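The values are calculated or read from the model by the stated rules, or taken from the named source; none is laboratory data. Bear in mind that the values here come from a model prediction, so they are computed numbers and not experimental data. Cβ placement follows ideal geometry from the backbone for every residue including glycine, while neighbour counts extend to all protein chains displayed.
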Amino acid sequence: MKHSNIHIVETLDGSHTLKSADIGEHYHSVNGAVQESMHVFIKNGFHSVDKSRLSIFEAGFGTGLNAMLTFHEAEKCNKLIDYTTLELYPVDENIFLKLNYAEILNIDSGKYFLPLHTCEWNRNIELSKNFLFKKINTDLNEYADNKLFDIIYFDAFSPEKQAELWTETVFKKMFSILNTGGILVTYSSKGEVKRNLRSAGFTVMRLQGAAGKHHMIQAIKNE
Ligand SMILES: C[S@@+](CC[C@H](N)C(=O)[O-])C[C@H]1O[C@@H](n2cnc3c(N)ncnc32)[C@H](O)[C@@H]1O
């Protein structure tokens with residue numbers, strides 16, 4: 001699978017997303033990319049774990065929207081975030097330079113957005129005293145590190161398009177890299193996803209979804 005054939009699309013809240021013609025799917029909900037990321041990953045992920053130091057793992061860095069929102073939130077709440085994100089197909093410079101996230105949120109792009117894209121891959125980088133960042137250019141299926149996290153942002157393409165990433169085997173790996181009490185959040189609430197998460201050991205909660213979606217999932221590692 002390869003997706004070089006990517007273009008920018010404006011979603012209903014005015015924020016951009018990307019559409020991969022090779023996969024035939026958008027990177028976010030067309031009902032609002034920022035709205036979806038804020039709801040699924042920031043509200044029900046970042047703000048659901050009450051710790052002043054958080055380690056976060058993201059499956060699918062893509063546009064960098066979740067990372068940017070997390071970085072900005074970390075500064076607002078003065079939390080210490082250690083953020084690791086995986087991406088198999090980095091977005092080209094000619095695309096990420098055009099994304100309007102910082103502009104529509106009135107966030108300093110030079111501080112919160114561009115460094116995420118321009119910094120070196122596969123290295124820990126201190127982007128601020130609140131935000132330690134590492135992006136890894138690898139396949140989620142190949143990821144093998146025993147570092148533990150408090151939160152997983154599971155943001156792969158949909159189970160319809162990328163069934164191989166929503167399996168019990170992958171969720172077992174996600175379970176194994178979470179601290180006890182840690183959570184995985186994702187926008188999909190498909191029955192098979194819930195079943196595979198439960199088989200992997202998670203307690204699955206169905207929460208109100210972002211605009212245009214009935215539900216999302218917050219899965220907890222209780223023990
Ligand atoms: C739904 S998009 C979301 C991306 C991102 N969170 C964002 O806000 O733009 C899924 C991302 O996962 C990446 N991806 C697809 N397959 C992958 C794999 N096997 N390993 C790592 N990343 C993958 C895609 O290239 C894409 O950037």
Go through region 171-208 and count every residue that is touching a residue at least 60 places away in the same chain (Cβ under 8 Å), under 20 Å from Glu36 (Cα atoms) and surrounded by 19 or more Cβ atoms within 10 Å (Cβ to Cβ).
4
What pairs can you find where one residue is in region 93-111 and in contact (Cβ under 8 Å) with a residue 60 or more places away in the chain and part of a helix (DSSP H, G or I), the other is buried (at least 16 other Cβ atoms within 10 Å of the Cβ) and polar (S, T, N, Q), and their Cβ atoms are less than 7 Å apart, with a gap of 6+ or different chains?
Tyr101/Ser15; Ile104/Ser15
Could you tell me whether region 80-88 includes any residue that is under 23 Å from Asn137 (Cα atoms) and of a type in the set (D, E, K, R)?
yes
Test each condition in (1) within 16 Å of Ala210 (Cβ to Cβ); (2) in contact (Cβ under 8 Å) with a residue 60 or more places away in the chain for His28 and report the one that comes out false.
(2)
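What residue, among those in region 42-88 that are of a type in the set (Gly, Ala, Ser) and either in a helix (DSSP H, G or I) or within 16 Å of the ligand (Cβ to nearest atom) (or both), is farthest from Cys119 (Cα to Cα)?
Restricting attention to region 42-88, the residues satisfying the condition of being of a type in the set (Gly, Ala, Ser) are 45, 48, 52, 55, 59-60, 62, 64, 67, 74.
Keeping just the survivors that are either in a helix (DSSP H, G or I) or within 16 Å of the ligand (Cβ to nearest atom) (or both) gives 45, 48, 59-60, 62, 64, 67, 74.
Numbers: Gly45: 25, Ser48: 28, Ala59: 18, Gly60: 17, Gly62: 14, Gly64: 12, Ala67: 13, Ala74: 19 Å.
Ranking the qualifying residues of region 42-88, first place goes to Ser48.
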Quick test for you: out of Gly110, Gly32, pick the one residue that is away from the ligand (no atom under 15 Å from the Cβ) and either under 24 Å from Val204 (Cβ atoms) or not hydroxyl-bearing (Ser, Thr, Tyr) (or both).
Gly110
In region 1-27, what residues are under 16 Å from Ala102 (Cβ atoms) and either among the charged types (D, E, K, R) or at pLDDT below 90 (or both)?
Glu10, Asp13
Of the residues in region 163-194, those that are under 18 Å from Lys221 (Cβ atoms), of a type outside the set (A, V, I, L, M) and either in a helix (DSSP H, G or I) or over 16 Å from the mean Cα position of the chain (by Cα) (or both) come to Thr167, Glu168, Thr169, Phe171, Lys172, Lys173, Phe175, Ser176, Asn179, Thr180, Gly181, Lys194
For region 119-150, how many residues are without any contact (Cβ under 8 Å) to a residue 24 or more places away in the chain and β-branched (Val, Ile, Thr)?
1
Reported set for region 39-55 where residues are over 21 Å from Ser158 (Cβ atoms), touching a residue at least 40 places away in the same chain (Cβ under 8 Å) and surrounded by fewer than 23 Cβ atoms within 10 Å (Cβ to Cβ) is Ser48, Val49, Lys51, Leu54, Ser55
For Ile104, state whether it is under 16 Å from the mean Cα position of the chain (by Cα) and away from the ligand (no atom under 11 Å from the Cβ).
no
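For (1) within 16 Å of the ligand (Cβ to nearest atom); (2) surrounded by 13 or more Cβ atoms within 10 Å (Cβ to Cβ); (3) under 21 Å from Val34 (Cβ atoms); (4) of a type in the set (Asp, Glu), each residue gets a yes or a no:
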position	(1), (2), (3), (4)
Arg123	no, no, no, no
Thr138	yes, yes, no, no
Glu142	yes, no, no, yes
Asp145	yes, no, no, yes
Leu148	no, yes, no, no
Phe154	yes, yes, yes, no
